Every structure is written in C-alpha cells, then in structure tokens.
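Remarks on the structure that follows.
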Amino acid sequence: MSRIYLSAPDVGAREEEMCIAALRSGWVAPLGPMVDAFEEALADRCARRFAVALSSGTAALHLALLELGAGPGKVVIVPTMTFAATANAVVYTGATPVFVDCDLHSGNLDPDLLEDALRSLAREGADIAAVIAVDLLGHCADYGRIDDICESVGIPLLSDAAEALGAAYAGRPAGSFGTAAILSFNGNKVISTSGGGALLTDDERFAERVRYLSTQAKQPMVHYEHTEVGYNYRLSNVLAALGLAQLERLDEMITRRRRWREGYCEIFADVEGVEIFQRDGDSEDNCWLTAILIDPVIARWKPAELAAVLSAADIESRPLWKPMHQQPVFAGARAFLRGNADRLFAAGLALPSGSSLAPTDVERVHTLIRSFLSTPRNCR
Ligand SMILES: Cc1ncc(COP(=O)(O)O)c(C=O)c1O
C-alpha cells in the first residue's frame, strides 16, 4: 500500500499532452505562448484584468509588497495564522511584519482586531505599507469588512489567495480582492505547476512593474541596461502548459475535494468534541484541506493520538499552521492577539484532502479513523 498524502499533485494525460506540446513548440524558456495563455486564463478565472505568472507564490508576494512600497522603516500587517511565506516575503523587502490574530471559526484575519491594530499603530506613528489578508485553507477572508477597513484608512490590501484558487466570497472569486492578490501552484495546492505562482491585479501599471521586476528589471535596450535591482521570478513556458491543463480541471478537482470533506463530516457527525473546521459557511470554499478541531476533554483523545495512528498506517495528517507569533524566527515581533490562532493550532488536524486520492485511499483513511473512534478510552 502506498503512502497517502494530505494533498498530492493530481496530474494525468491532459497535463502530459500540454507539456509535450510546450516542449515540442521550442518555447522552453521563462516566456512563451503558454505563459501568455495561462495568464489570460488565470485573470479570467479570478475576474481580474491582469495576471503575471511567476516562479512561486512567495515571489508574487515579494514583488507585490515591493510595488506597494514595503521596505525599511515600513510595517506590514500579517495574519498570524498563515504559512511562513506570507511573513517571510515582508522581511525580504526590509519591512517589519506585525501579526494580527484570527477569527476562531474561519481562522482568517479578525476584522475587529485589525481595526484595533491599525488604530494603535497609527497612534504610534507607524508607517503601514499594506495589510495582507490570507484565505486560510481555501476559505476566503472577510473581505466585506476588511476591504472597508483598509479603504477607510487608505492602506492597500494584498490578498494572499495562495490556497484559495476556485473559492469565492459573496460570489466574487478568490484572487479578485485587494489592490493585488497572489496565488500559489506549489505541489500541494489545488492546482499545481510543480512550483509556481501568480500576481493578480486590475492595475495595468502594477502588473507591468511586477513583470519588469520579475525579469531582472531589464531596460528596453539592445544591450543589458539596469537601473534597478530585478529578480528572476518568471514561470517557465513548460510549467505554464501544466498550469493550463490543471486549470481546465479545476472545478472537477474541487468537486472531489468537497466530496472527501462530506465524507469526513459524516464520520465525525456524532463524535462529541470534534468539529469540522470552517464548516460553517463553506459552500464557496475550494476545500483545499479539510481539518478537524478536537476538544480533548470532551473527545477523550488528542489530535496527536489520531495523527500517530494515521502515521503508523503511512497516512499523512498535520496540525494547522503554527502561528507566526509562536515561530522562533519571529520571536519578539509585535503581535495583536486574542489567543484564537493558538487555540486552533492546539486543536486542529488536517486530514488527507487531495483530488488525486482514489476512493480506495479514502476508504482506507475512513476505516482507520472509524476504528480509532471506536476504541474505548478512559478519561484522561
Ligand atoms: C498562505 C500561503 N501563502 C504563500 C504561500 C507560498 O506559495 P509558494 O509555495 O508557491 O511560494 C503558501 C504556500 O506554499 C501559502 O500557503
């Protein structure tokens, strides 16, 4: 029996066909017709005017932040409940991340606490370049409120939709919010280009600047002329072909992820002390990962116990993101906290959710969980 991952890549004949077409076209470079077509398809899917295909979501965050003016002496608001890339990109620019806690139900940036943080920082005279909102596990942040808050104080919003392609908020697609948004096509995401990302915006100048910075900031001259430091962050044409094939299958892949979530809902429906994370209002989620929250006092078991049983059967599971304010690398960073991210980190366990899982894989996971749940336990 092979190992079951949380979210393994889901590629098949169509992906192979598109990559071969790209290779045979001779465009084996970080530019070409597949890159152009992928950008057009992404912009279309995310209801944006422009998309710039890049080598990673982190690269997209980095360039977006530079364009928003992040740099030494500036502050960027970052949700503490996120993957390190969100905060790392702030540090690359020389700016300082200030962490803000999440709402307990969605795990996303708490708008009330964001307001408090902006007020406090303004009083202290902080120079805030941007607010980043993250769409955690494919569940969109509360853009209705966050957009208004950012607008009222005149601070640009950057949407980290790395995990959320295909999700929506009030009928608007993930990636369509903020001055700019970013996507990731890492190997574990809803669609993958093995590694890759994109910057989305409606601002033509913003898109052009990001494109320019991502190609070593070359001036339009015959020789190589540079007036700024640039980056080598473009996506290759072969990988864009992979992305195009994946994008064709996005809805079908989300349907499968949702089906696995429904399965977990059934299994845990009558289990006291366990709830499906983000289940409330998840109809527009892309179900990138399904996680459970465990109250060990009521359930009489801890997340790590189920994780150990799964691991022994070669099945991957993982705690939710360890909050940034708890990370040694960000020790001492300013943070506005209510304890919610800490609670979610302690209680959460993400379960295999990938669209490439076969029904037999899912059955293997279900059988093991059912057997774990039926094991009698003493009060701990
Ligand atoms: C919330 C979040 N932001 C940013 C990234 C970075 O994307 P990438 O791995 O493509 O650099 C990821 C995932 O990896 C992520 O989950």
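Meeting the requirement of 2 or more residues that are surrounded by 18 or more Cβ atoms within 10 Å (Cβ to Cβ), the helices (runs of 4 or more DSSP H) wholly within segment 294-380 are 303-312, 340-347, 359-374. For beta carbons closer than 7 Å, sequence separation of 6+ or different chains, a first residue in segment 27-45 that is within 17 Å of SER184 (Cα to Cα) and a second that is of a type in the set (D, E, K, R) and assigned to a loop (DSSP other than H, G, I, E, B), the qualifying pairs are ALA43/ARG49.
Among the candidates ALA51, ALA47, ALA41, ALA21, the residue that is among the hydrophobic types (A, V, I, L, M, F, W, C) and on the phi > 0 side of the Ramachandran plot is uniquely ALA47. With the requirement that a residue be without any contact (Cβ under 8 Å) to a residue 60 or more places away in the chain, assigned to a loop (DSSP other than H, G, I, E, B) and under 22 Å from VAL297 (Cβ atoms), what does segment 268-284 give you? Scanning segment 268-284 gives ALA269, ASP270, GLU272, GLY273, ARG279.
Residues checked against (1) buried (at least 24 other Cβ atoms within 10 Å of the Cβ); (2) of a type in the set (D, E, K, R); (3) free of Cβ contacts under 8 Å to residues at least 24 places away in the same chain:
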| residue | (1), (2), (3) |
| --- | --- |
| TYR92 | no, no, no |
| THR96 | no, no, no |
| PHE99 | yes, no, no |
| HIS105 | no, no, no |
| ASN108 | no, no, no |
| SER120 | no, no, no |
| GLU124 | no, yes, yes |
| ILE128 | no, no, no |
| VAL134 | yes, no, no |
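Of all residues assigned to segment 144-162, none qualifies as being surrounded by fewer than 24 Cβ atoms within 10 Å (Cβ to Cβ), in contact (Cβ under 8 Å) with a residue 12 or more places away in the chain and within 29 Å of SER355 (Cα to Cα).
Condition first: open to solvent by 10 Å² or more (accessible area, probe 1.4 Å) and within 15 Å of the ligand (Cβ to nearest atom). Can you find one or more residues in segment 73-84 that meet it? There is at least one residue in segment 73-84 that is open to solvent by 10 Å² or more (accessible area, probe 1.4 Å) and within 15 Å of the ligand (Cβ to nearest atom).
Among the residues of segment 232-253, none qualifies, meaning not one is touching an Asp or Glu at 6+ places or on another chain (Cβ under 8 Å) and among the aromatic types (Phe, Trp, Tyr).
I'd like to know if segment 276-291 contains one or more residues that are touching a Leu at 6+ places or on another chain (Cβ under 9 Å) and surrounded by fewer than 21 Cβ atoms within 10 Å (Cβ to Cβ). Yes, that holds for at least one residue. Here PRO30 meets the list (1) within 16 Å of the ligand (Cβ to nearest atom); (2) at pLDDT 95 or above almost entirely, failing just condition (2).
The values are calculated or read from the model by the stated rules, or taken from the named source; none is laboratory data. Since we're looking at a predicted model, the values are computed, not measured. When we count neighbours, we look across all protein chains shown, and the Cβ atoms used for this are built from the backbone with ideal geometry, even at glycine. The protein model used for the area step is the full one, side chains on, heavy atoms only, and it has no ligands, DNA or RNA in it. Shrake-Rupley method; radii C 1.70, N 1.55, O 1.52, S 1.80 Å.
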